[in-house]
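Participant: One structure coming up, written as structure tokens, with questions to follow.
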Amino acid sequence: MRNIASADGVGDNVSTPEQITASSSSSTQPTTTTVGGGGRGTGGAGKPVRSESTAGVLFGIGAYGLWGLLPLYFFVLMPASAIEIVANRIVWSLLFCALLITITRAWKTFWAAVKDRSVFGPLALAAGLIAINWLTYTFGVTTGHAVETSLGYFINPLVSVLLGVFVLKEKLRPLQWAAVGIGFVAVGVLTFSYGQLPWIALILAFSFGLYGFVKKRVGPKVDALTSLSVETVVLAPFAAITMVVLGVTGVETLTTLGAGHFWLLVASGVITAVPLLFFGASARRLPMTTIGLLQYFAPVLQFIVALTVFNETMTTARWIGFCVVWLALVLLTIDMLRTTRKNSVLKKKARLAAAQ
């Protein structure tokens, strides 16, 4: 899910509830990735621009929609544990990526990324961060904390703003400061409501915020499929060992609950990669502003699923805490739209001045 917290720096990163793996795809096409950018759709060719924009929105809705409905998939996989689900997800994702690389004849690109230390190193770190994110997310969904997992992705933009301040030394605009302050109030309210820090939400937000930050560093050098493939290569040995240990100790469900359960777990490779590919197609066709607005589709769906399907409890205090978080996100969105509009006006003035 992409973070729209800031008009530049970390806040421009697109991060995804899952994976995000998707971040590198958009990083190869930064804020200049608009549908009119090349010869396509320019020179009065309005129809191709509209067509591309429509396709981009549909791809984006598809990606974020699938990520938002992911808790339903984990629910169907129960009684598989979070560790088993993530281990299978990594192993089968690697096989699916290998198939895609073979079909697209991209092995040369993949091996180039593996051999390049400036690419492989950050992606290895990103793999560790996304493993933490996946485990925490799956654990939350499978243990009755799906509402809290959605909270993690709601507050992720606030985390990226903090990364911009403390890591990139960025200066925040007034609305961003207000959003961060309101975010801290929300965490306080939710801590009171839960009786403890909402640690699942915080781990998700910080692990994914850091993941997006790392992927931004390497994004221009690698495409989404190669990035996901390298990350799964790093994690696959640990995942394979985990699957063997689970099998030896008799607690794995992959081969003990019938063919249907087996193929559902195997399908995790496709379920991981398809939203990523949709997201990449969307990011290449849409401006950052639109992508930033679409990002909220996933946690909203997760929240709805948690309440309507899993029947999780929302106390009055928790509703207040979530409403405070949503207020902070409204301020960030307003700031983003205002900044985008201002930058667009400045660019138009610069082009007019250059043409005179």
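The values are calculated or read from the model by the stated rules, or taken from the named source; none is laboratory data. Since the model is a prediction, treat every value here as computed from it, not as a measurement. Ideal geometry is used to build each Cβ from the backbone, glycine not excepted, and the neighbour counts take in all protein chains shown. Calculation scope for accessible area: heavy atoms of the full protein, side chains included, ligands and nucleic acids excluded. Shrake-Rupley method; radii C 1.70, N 1.55, O 1.52, S 1.80 Å.
Participant: Report, in debye and to the nearest 20, how large the dipole of the chain comes out about its Cα centre when Lys and Arg carry +1 and Asp and Glu carry -1 on their Cβ. Intermediate values should be presented prior to the final figure.
Facilitator: Working: 26 positive and 13 negative charges, 357 e Å.
Dipole about the Cα centre, nearest 20: 1720 debye.
Participant: So what is the accessible area of the range 210-350 per residue, in Å², with the probe set to 1.4 Å? Could you put the intermediate results ahead of the total?
Facilitator: Working: 6470 Å² over 141 residues.
Here the residues of the range 210-350 average 46 Å² of exposed surface.
Participant: Over the chain, calculate the relative contact order: mean separation of alpha carbon pairs under 8 Å at least 6 apart, over the residue count, as a percent.
Facilitator: Reported relative contact order: 39 percent.
Participant: Figure the gain on full extension for THR109 and ALA267 (residue separation times 0.36 nm, minus the Cα-Cα span) and round it to one decimal in nm. Before the final figure, lay out each step's value.
Facilitator: Details: separation 158, 0.36 × 158 = 56.88 nm, distance 2.55 nm.
Here the answer is 54.3 nm.
Participant: Once you place label points 7 Å from the Cα toward the Cβ at ALA55 and LEU72, how far apart are they in nm?
Facilitator: The answer from the label model is 2.7 nm.
Participant: On to the next question. Roughly how many debye, to the nearest 20, is the charge dipole of the range 109-246 about its Cα centre, given +1 on each Lys and Arg Cβ, -1 on each Asp and Glu Cβ, and no other charges?
Facilitator: Dipole of the range 109-246, to the nearest 20 debye: 460 debye.
Participant: Of GLY62, LEU94, ALA146, which is farthest along the charge dipole of the chain in the positive direction, counting Lys and Arg as +1 and Asp and Glu as -1 at C-beta?
Facilitator: Going by the charge dipole, the pick is GLY62.
Participant: Same structure again: For the chain, give the percent of accessible area contributed by carbon and sulfur heavy atoms, probe 1.4 Å, rounded to a whole number. Walk me through the numbers before you get to the answer.
Facilitator: On the way: 11130 of 15710 Å².
Whole-percent figure for carbon plus sulfur exposure: 71.
Participant: Stretched out fully, how many nm does the piece from ASP116 to ALA353 gain, at 0.36 nm a residue minus the Cα gap? Could the numbers behind the result be given before it?
Facilitator: Working: separation 237, 0.36 × 237 = 85.32 nm, distance 4.24 nm.
Length difference between fully extended and current span is 81.1 nm.
Participant: Once fully extended, how much extra length lies between ALA178 and GLN196, figured as 0.36 nm per residue of separation less the alpha-carbon to alpha-carbon distance? Before the final figure, lay out each step's value.
Facilitator: On the way: separation 18, 0.36 × 18 = 6.48 nm, distance 2.44 nm.
Length difference between fully extended and current span is 4.0 nm.
Participant: Now, a different point. Kindly write out, for the range 296-311 in residue order, the coupling ³J(HN,Hα) from the Karplus curve 6.51 cos²θ - 1.76 cosθ + 1.60 (θ = phi - 60°), rounded to whole Hz, with x marking Gly and Pro.
Facilitator: Taking θ as phi minus 60°, the curve returns 6, 4, 5, x, 5, 5, 4, 5, 5, 4, 4, 7, 8, 9, 8, 6 Hz for the range 296-311.
Participant: Using bins 20 angstrom wide from zero, how does P(r) for the chain break down, in % of all Cα pairs?
Facilitator: Spelled out per bin, shortest first, that is 30, 57, 12, 0.
Participant: Quick one: of LYS115/LYS171; LYS171/LYS349; LYS216/LYS347, which pairs are farther than 29 Å apart, Cα to Cα?
Facilitator: Details: LYS115/LYS171 37 Å; LYS171/LYS349 25 Å; LYS216/LYS347 24 Å.
Violating the 29 Å Cα-Cα cut-off are LYS115/LYS171.
Participant: Quote the FRET efficiency, to the nearest 0.05, computed for ARG341 versus THR315 with a Förster distance R0 of 45 Å and r equal to the Cβ-Cβ distance.
Facilitator: Values: r = 39 Å, r/R0 = 0.87.
E(calc), rounded to 0.05, equals 0.70.
Participant: Leaving out same-chain residues fewer than 8 places away, which lysines sit with a Cα under 19 Å from that of LYS108?
Facilitator: Once the sequence-local lysines are set aside, what remains near LYS108 is LYS221.
Participant: Taking +1 at the Cβ of each Lys and Arg and -1 at the Cβ of each Asp and Glu, which of ALA239, PRO157, MET336 sits farthest along the dipole of the chain towards its positive end, judged by Cα position relative to the Cα centre?
Facilitator: Sorting the options by dipole projection puts first MET336.
Participant: How high is the FRET efficiency between VAL274 and VAL244 when r is their beta carbon distance and R₀ equals 30 Å, given to the nearest 0.05?
Facilitator: On the way: r = 27 Å, r/R0 = 0.91.
Given R0 = 30 Å and the Cβ-Cβ separation, E is 0.65.
Participant: Continuing with this model, one more query. Could you work out how far the C-alpha centroid of the range 222-253 sits from that of the range 279-356, in angstrom?
Facilitator: 33
Participant: Could you go through the range 144-155 in sequence order and give the Karplus-derived ³J(HN,Hα) for each residue, using 6.51 cos²θ - 1.76 cosθ + 1.60 with θ = phi - 60°, rounded to whole Hz, and x for Gly and Pro?
Facilitator: Using θ = phi - 60°, the values come out as x, 10, 5, 4, 5, 5, 5, 4, x, 7, 5, 8 Hz.
Participant: Report the FRET efficiency, 1/(1 + (r/R0)^6), for LEU168 and LEU327, where r is their Cβ-Cβ distance and R0 is 22 Å, rounded to 0.05. Present the calculation step by step, with values, prior to reporting the outcome.
Facilitator: Working: r = 25 Å, r/R0 = 1.15.
Efficiency for this residue pair is about 0.30.
Participant: I've got another one for you. Need one number: nm distance between label points at ALA259 and ILE304, each 7 Å from Cα along Cα→Cβ, rounded to one decimal.
Facilitator: Result: 3.5 nm between the two label points.
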